[in-house]
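Novice: Pasting a structure here, questions to come.
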Amino acid sequence: QVQLVESGGGLVQAGGSLRLSCAASGRTFSSYAMGWFRQAPGKEREFVVSIRRSGSITYYADSVKGRFTISRDNAKNTVYLQMNSLKPEDTAVYYCAADLRTIVVDSTPPYWGQGTQVIVSS
């Protein structure tokens, strides 16, 4: 089992950047694929990006390609989401997730963080 804690959310102007972090407990972090999802007000939660256990392969939603970058540091049990060129439509609660299987668009990972709010003002 793994526990996840996100941090780094906040208020930023359109065009700005934020870096989210997700710290995982346990000694088997490198066994898990990691992903970020988001949920905007009144909308369903959606896949944003994921990274495989080794960090060598990543998957991005079309809406964030070229603007967001996921990375992981298995020595620090942490996954990061660098968000650049933020848009008001990126406003959402961002959730970190972990799964022993590869995380893709329609995945339902068993482990979730509590979420961190990102607000992008126009």
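Novice: Being of a type outside the set (Phe, Trp, Tyr), touching a Cys at 6+ places or on another chain (Cβ under 9 Å) and closer than 30 Å to Ser121 by Cβ is the requirement here; does Gly35 meet it? Before you say what the answer is, go through the steps one by one.
Specialist: Values: of a type outside the set (Phe, Trp, Tyr): yes; touching a Cys at 6+ places or on another chain (Cβ under 9 Å): yes; closer than 30 Å to Ser121 by Cβ: yes.
Yes.
Novice: Can you tell me which condition Ala61 does not meet? The list is (1) open to solvent by 70 Å² or more (accessible area, probe 1.4 Å); (2) farther than 18 Å from Pro110 by Cβ, and all the others hold.
Specialist: (1)
Novice: Additional query: Any residue in region 43-58 that's more than 14 Å from Ser107 (Cα to Cα) and open to solvent by 90 Å² or more (accessible area, probe 1.4 Å): show its pairings with residues that are of a type outside the set (Asp, Glu) and not in a loop (DSSP other than H, G, I, E, B) at Cβ separation under 7 Å, as long as the two are six or more apart or on different chains.
Specialist: Cβ pairs passing all conditions: Arg53/Ser30; Arg53/Ser31; Arg53/Ala33.
Novice: Still on this structure: Considering only region 50-82, how many residues are of a type in the set (S, T, N, Q), more than 19 Å from Gln1 (Cα to Cα), at pLDDT 95 or above and in a loop (DSSP other than H, G, I, E, B)?
Specialist: Within region 50-82, residues that are of a type in the set (S, T, N, Q), more than 19 Å from Gln1 (Cα to Cα), at pLDDT 95 or above and in a loop (DSSP other than H, G, I, E, B) number 1.
Novice: For region 65-113, what are the residues that are farther than 24 Å from Gln13 by Cα, open to solvent by 40 Å² or more (accessible area, probe 1.4 Å) and of a type outside the set (Asp, Glu)?
Specialist: Scanning region 65-113 gives Asn74, Ala75, Lys76, Leu100, Arg101, Thr102, Val104, Val105, Thr108, Pro110, Tyr111, Trp112.
Novice: Moving to a separate point now. Select from region 30-49 the residues that are under 12 Å from Thr78 (Cα atoms) and not in a loop (DSSP other than H, G, I, E, B) and write down the one among them that is modelled with the lowest pLDDT. First the steps, then the outcome.
Specialist: Of region 30-49, the ones under 12 Å from Thr78 (Cα atoms) are 30, 32-35.
Okay, now just the ones that are also not in a loop (DSSP other than H, G, I, E, B), so 30, 33-35.
Numbers: Ser30: 93, Ala33: 97, Met34: 97, Gly35: 98.
Looking at the filtered set, the residue picked out is Ser30.
Novice: Still on this structure, I have one more. Output the number of the condition that Glu89 fails; it satisfies all remaining conditions of (1) in contact with a helix residue (DSSP H, G or I) (Cβ under 9 Å, 6 or more places away or on another chain); (2) outside any loop (DSSP other than H, G, I, E, B).
Specialist: (1)
Novice: Inside region 4-29, can you point out the residues that are more than 11 Å from Asn77 (Cα to Cα) and part of a loop (DSSP other than H, G, I, E, B)?
Specialist: Matches in region 4-29: Gly8, Gly9, Ala14, Gly15, Gly16, Ser17.
Novice: What is the number of the single condition among (1) in contact (Cβ under 8 Å) with a residue 24 or more places away in the chain; (2) surrounded by 13 or more Cβ atoms within 10 Å (Cβ to Cβ) that Gly15 does not meet?
Specialist: Every condition holds for Gly15 apart from (2).
Novice: Let me ask you something else. Counting only residues that are within 14 Å of Ile103 (Cβ to Cβ) and in contact with a Lys or Arg (Cβ under 8 Å, 6 or more places away or on another chain), which one in region 20-34 is surrounded by the most Cβ atoms within 10 Å (Cβ to Cβ)?
Specialist: Within region 20-34, the match that is surrounded by the most Cβ atoms within 10 Å (Cβ to Cβ) is Met34.
Novice: In region 49-63, how many residues are in contact with a Lys or Arg (Cβ under 7 Å, 6 or more places away or on another chain) and farther than 10 Å from Ile103 by Cβ? Steps first, please.
Specialist: So the first thing to find is which residues in region 49-63 are in contact with a Lys or Arg (Cβ under 7 Å, 6 or more places away or on another chain), and the list is 51, 55.
Filter once more, keeping what is farther than 10 Å from Ile103 by Cβ: 55.
The total comes to 1.
The values are calculated or read from the model by the stated rules, or taken from the named source; none is laboratory data. Being a predicted model, the structure only gives us computed values, none of them experimental. Heads up, the Cβs are rebuilt from the backbone with ideal geometry, glycines too, and the neighbour counts pull from every protein chain shown. What goes into the accessible areas is simple: the full protein's heavy atoms, side chains included, and nothing from ligands, DNA or RNA. Shrake-Rupley method; radii C 1.70, N 1.55, O 1.52, S 1.80 Å.
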